[in-house]
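Participant: One structure is given below, represented as structure tokens, and several questions about it will come after.
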Amino acid sequence: MADGAPSIDLVALGAWMDGQDLPAGPIEAVEPLVGGTQNVLLRFERGGTTFVLRRGPWHLRRTSNDALRREMRVLAALAGSAVPHPELLAACPDESVLGGDAVFYLMEAVDGFNPTITLPALHAGDRDLRHAMGLAAVDALAALGAVDHVAVGLGDMGSPAGFLERQVPRWLAELDSYGVHEGYPGPSIPALHEVATWLDRNRPARFIPGLSHGDYHLANLLYRPDGPEVAAIVDWEMCTIGDPLLDLGWLLATWPTGDQGGIGGGLVSTDGGLPTAGELVARYAEGTTRDVSAMVWYEVLACFKLGIILEGTHARACAGQAPVAIGDLLHATTLGLFSRAVDRISAA
């Protein structure tokens, strides 16, 4: 890492690994991994094994460590399931081990690629393969929605009762909390109250609780290099027990379309071939018993929630806790998400 930049204490990491029945030896081939704007990822080798370390951002948010602890728990619970995910190799919920008051965990290095960043020649040259990749994203999501969260030991995680009723007030409160960041002028989101009011008035009456990823879009998927299947769903920090249909809404809200680029569509959306939103919903319906008739509501909620989350980085950027350029970009993305929500409401 660059001189003066934050770094992981590799000596402390090695000492901790020695007590976890993990491969011993020098820590080598250390490489920071890029992607996203929040958590820290570090790839390294030790004892012939490649590891990926994940911890919260250098400027920890108040919920960072709790989110990573929840992530550790969910990845452990998914072991042996049909859900594609990185294997959890070791978890450290203790904030003091590496210094800096951050928990962390080690996971396997997945053999896969992120389609928003790169496309192998196989995928770049085959429109039908890219179409199958989009459907595979829904198949992986349906597998997650089918997990019996009680049977895998997650019955006490989250509060599914009243989950949908809590969404609008919970995220409006989150938006209000950004006022603690010095230099943040407050949210400037013209459609904020229009969208919030529509969501409250059109909320589905019931849902089937289940495990929800919480941030499901193409940028959080790794694909197999030899085919269209999803190799792993990553970035589980927002997972909870709630309504899994919100994950599908999230995918729709961020999906590249003809007039709007979505969130992180990147290379896979440039040359076309991806399924339409309607195809995604139809594919999900084939693999679930859940009622998908209110998907517009879930998509609008996803735009609302994600927009407010991204606005948080804008607020932190105003306070010098995140790059200004990223904060400005994400604020513009927030405005785009709320515009998309208004369009979906108007068409409903």
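Participant: Among (1) assigned to a loop (DSSP other than H, G, I, E, B); (2) out of contact with any Asp or Glu (no Cβ under 9 Å at 6 or more places or on another chain), there is one condition D215 misses while meeting the rest; what is its number?
Facilitator: With respect to (1) assigned to a loop (DSSP other than H, G, I, E, B); (2) out of contact with any Asp or Glu (no Cβ under 9 Å at 6 or more places or on another chain), D215 is out only on (2).
Condition check ((1) in a loop (DSSP other than H, G, I, E, B); (2) of a type outside the set (V, I, T); (3) touching a Pro at 6+ places or on another chain (Cβ under 9 Å)) across all residues:
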| residue | (1), (2), (3) |
| --- | --- |
| A140 | no, yes, yes |
| A143 | no, yes, yes |
| V152 | yes, no, no |
| E165 | no, yes, no |
| I189 | yes, no, no |
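Participant: If only one of R206, R170, R166 is over 21 Å from T63 (Cα atoms), basic (K, R), surrounded by fewer than 18 Cβ atoms within 10 Å (Cβ to Cβ) and assigned by TED's automatic domain parsing to the domain that holds L246, which one is it?
Facilitator: R206
Participant: Going by what's in this entry, would G155 be described as assigned by TED's automatic domain parsing to the domain that holds H217 and either surrounded by fewer than 21 Cβ atoms within 10 Å (Cβ to Cβ) or among the acidic types (D, E) (or both)? Spell out the reasoning first.
Facilitator: Details: assigned by TED's automatic domain parsing to the domain that holds H217: yes; either surrounded by fewer than 21 Cβ atoms within 10 Å (Cβ to Cβ) or among the acidic types (D, E) (or both): yes.
In short, yes.
Participant: Would you please name the residue that is farthest from I241 (Cα to Cα), looking only at residues in region 58-72 that are out of contact with any Pro (no Cβ under 7 Å at 6 or more places or on another chain) and surrounded by fewer than 18 Cβ atoms within 10 Å (Cβ to Cβ)?
Facilitator: Applying the filter and picking the extreme gives H59.
Participant: Name the single residue, out of those in region 292-308 being touching a residue at least 24 places away in the same chain (Cβ under 8 Å) and surrounded by fewer than 19 Cβ atoms within 10 Å (Cβ to Cβ), that is farthest from M133 (Cα to Cα).
Facilitator: Among those that are touching a residue at least 24 places away in the same chain (Cβ under 8 Å) and surrounded by fewer than 19 Cβ atoms within 10 Å (Cβ to Cβ), it is A294.
Residue-by-condition table, conditions (1) assigned by TED's automatic domain parsing to the domain that holds D247; (2) assigned to a helix (DSSP H, G or I); (3) of a type in the set (A, V, I, L, M, F, W, C):
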position	(1), (2), (3)
D291	yes, no, no
W297	yes, yes, yes
L306	yes, yes, yes
Q321	yes, no, no
I326	yes, yes, yes
L329	yes, yes, yes
A332	yes, yes, yes
G336	yes, yes, no
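Participant: Might you let me know whether region 204-215 holds any residue that is under 19 Å from L301 (Cα atoms) and among the basic types (K, R)?
Facilitator: There is at least one residue in region 204-215 that is under 19 Å from L301 (Cα atoms) and among the basic types (K, R).
Participant: Right, L199: touching a strand residue (DSSP E or B) at 6+ places or on another chain (Cβ under 8 Å) and under 21 Å from F338 (Cβ atoms) or not?
Facilitator: no
Participant: It is to be established whether one or more residues within region 178-191 are aliphatic (A, V, I, L, M), exposed (fewer than 12 other Cβ atoms within 10 Å of the Cβ), closer than 30 Å to L60 by Cα and out of contact with any helix residue (DSSP H, G or I) (no Cβ under 6 Å at 6 or more places or on another chain). Spell out how you get there, then give the answer.
Facilitator: The first filter runs over region 178-191 and keeps only residues aliphatic (A, V, I, L, M), leaving 180, 189, 191.
Going one step further and asking which of them are exposed (fewer than 12 other Cβ atoms within 10 Å of the Cβ), we end up with 180.
Remaining after also requiring closer than 30 Å to L60 by Cα: 180.
The next check asks that each one be out of contact with any helix residue (DSSP H, G or I) (no Cβ under 6 Å at 6 or more places or on another chain); those that pass are 180.
Yes: one or more hits.
The values are calculated or read from the model by the stated rules, or taken from the named source; none is laboratory data. Note that the structure is predicted; figures quoted are calculated from it, not measured. Using ideal geometry, Cβ is built from the backbone for each residue, glycine included, and neighbour counts are taken over all protein chains shown.
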